[in-house]
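Okay, structure first, notes after.
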Amino acid sequence: MGEVRLGLRENLAQFSLLVAVNAFVGAMVGLERSTLPLIGEDDFGLTSSAAVLSFIVVFGLAKSLTNLAAGVGAERVGRRRLLIAGWLVALPVPVLIAVAPSWSWIVAANALLGINQGLAWSMTVVMKIDLVGSKRRGFALGLNEAAGYGGVAAAAALSGWLAADFAPRDVIVAAGGAIALIALLLSAAFVRDTADHLQLEQKRGDHARNEIPPGLGRAFADVSFRRPALRACSQAGLVNNLNDALAWGLVPLFLAANGASATEVGLVAGIYPAVWGIGQIFAGRWSDRIGRKPLIVAGMLMQAVALAVLAASNGAIGLAVVTAMTLGVGTALVYPTLIAAISDAVSPVARAPAVGVYRFWRDMGYVAGGLLAGIVADAVGYGGAIAIVAGLTAASGIWVAIDLSESRVGNMPRPTPR
């Protein structure tokens, strides 16, 4: 093994491989974005929005808890091992969807998909940060998230297009099985662990060389409520994914109820993560230059405006496309920047636990979004549910403006060295 060095250029081969793997991670969930809500109605006869969106609630809960465990387990088990485990868990997902006799089997498949996303996506995030060090952290995260949501967008658009000619379930099953198998083989054969890069960064920085990673209890308290900057990021992440749950589960139903075809639903479902994915490359790099806070606040407020316009659109496809693009830009400004802000505020060895807790709260947004959107949509209609989420998003942006202070140096409170 050659000399361990930090930097994007110095680790380009491994970094590029992890980008490719994360594109597969995104594609796994993207396959469902334009088709699974429609499968719930067409194949299983579900009429309640809350029942249809139950798969998102279970997905989000499984992913959130897995993020929490992966953040601590990354230091103990190893990043590469958890990445491979994530892809092993993904293999049964298309099988369960293929043979599902009832909607509960689809929900169970999405629990496994949530575990896959929690392990595989978390590890590609942390490993890329390990490789590049602190100087280009935002750019690295932008590339990572761009790859993941580029995969989401491509798979969402393709599955929506294919669903016009083939059974939606068949599309998910065939493509999901191929993606999971290829990604597993790539991860097992070519990905290398980044523990040595982590230790090099810890030694180089203004950190205690013999510092040990924080336990789950302390990391959870720091990121959830004890430290203002970290809690501001956590609540913003939760609200951001609440939006994503809405876009994933409710917007296809909203558009279809207003006469949109499966192809049109797939177009809107694909545009949003496509803009989001591409935009993150520029947003991450921009945040390295001007700071994290301006982009996070602007992005949350932009999402709020987009959702408010969508709520008033009556499902018009042209307006839905415009709002999908605006929502994508707003999310691009926020998504990699929040993880970079968390990473800025903690030491290298505390990074995986801190990011794990942040990602726990962020992906609890799927749970909150699935429950809120489903229950409110049943009560007041799709437009009303979207409008309420728009208001919550605006409030979240204001919270960040008040609570988040820029910090490129800092640590969690250091434990007593061994």
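Computed from Cα atoms, the angle from the helix 348-380 axis to the main principal axis of the chain rounds to 20 degrees.
In whole Å, how far is the Cα centre of the stretch 94-145 from that of the stretch 1-25? One Cα centre to the other: 18 Å. Taking the empirical scaling 2.2 N^0.38 Å for compact globular proteins as reference, the stretch 137-217 has a Cα radius of gyration ratio of 1.69. If the segment from residue 95 to residue 261 were pulled out straight at 0.36 nm per residue, it would be longer than the present Cα-Cα gap by 57.0 nm. Spacing of the modelled spin labels on residue 196 and residue 104, each 7 Å from Cα toward Cβ, amounts to 5.1 nm. Under 5 Å between amide H atoms, partner at least 5 residues away or on a different chain: which partners does residue 194 have, H built in plane at 1.01 Å? Correct list: 79, 80. Model label sites at residue 174 and residue 212, defined 7 Å from Cα along the beta-carbon direction, differ in position by 5.4 nm. Per q in 0.13, 0.14, 0.18, 0.22 Å⁻¹, report the Debye log10 I(q)/I(0) for the stretch 1-108, using one uniform scatterer on each alpha carbon and no solvent. After summing over all Cα pairs, the log10 values are -0.65, -0.73, -1.02, -1.31.
Listed options for P(r) over Cα pairs in 20 Å bins from 0, in percent are (1) 26, 55, 19, 0; (2) 18, 33, 25, 15, 6, 3, 0; (3) 30, 59, 11, 0. The value calculated from this structure is the one marked (3). For the chain, the longest principal axis of the alpha carbon atoms and the long axis of helix 293-311 meet at an angle near 10°. Along the stretch 69-75 the Karplus relation, 6.51 cos²θ - 1.76 cosθ + 1.60 evaluated at θ = phi - 60°, assigns HN-Hα couplings of 5, 5, x, 7, x, 4, 7 Hz to successive residues, with x for each Gly and Pro. Note on residue 314 and residue 16: the model spin-label points, each 7 Å out from Cα along the C-beta direction, lie 5.2 nm apart. Seen against the Cα atoms of the chain and their longest principal axis, helix 137-163 is set at about 20 degrees.
Coordinate-derived values only; no laboratory data. Just so it is clear, the model here is predicted, and its values are computed rather than measured. We place every Cβ from the backbone using ideal geometry, glycine too, and count neighbours over all the protein chains shown.
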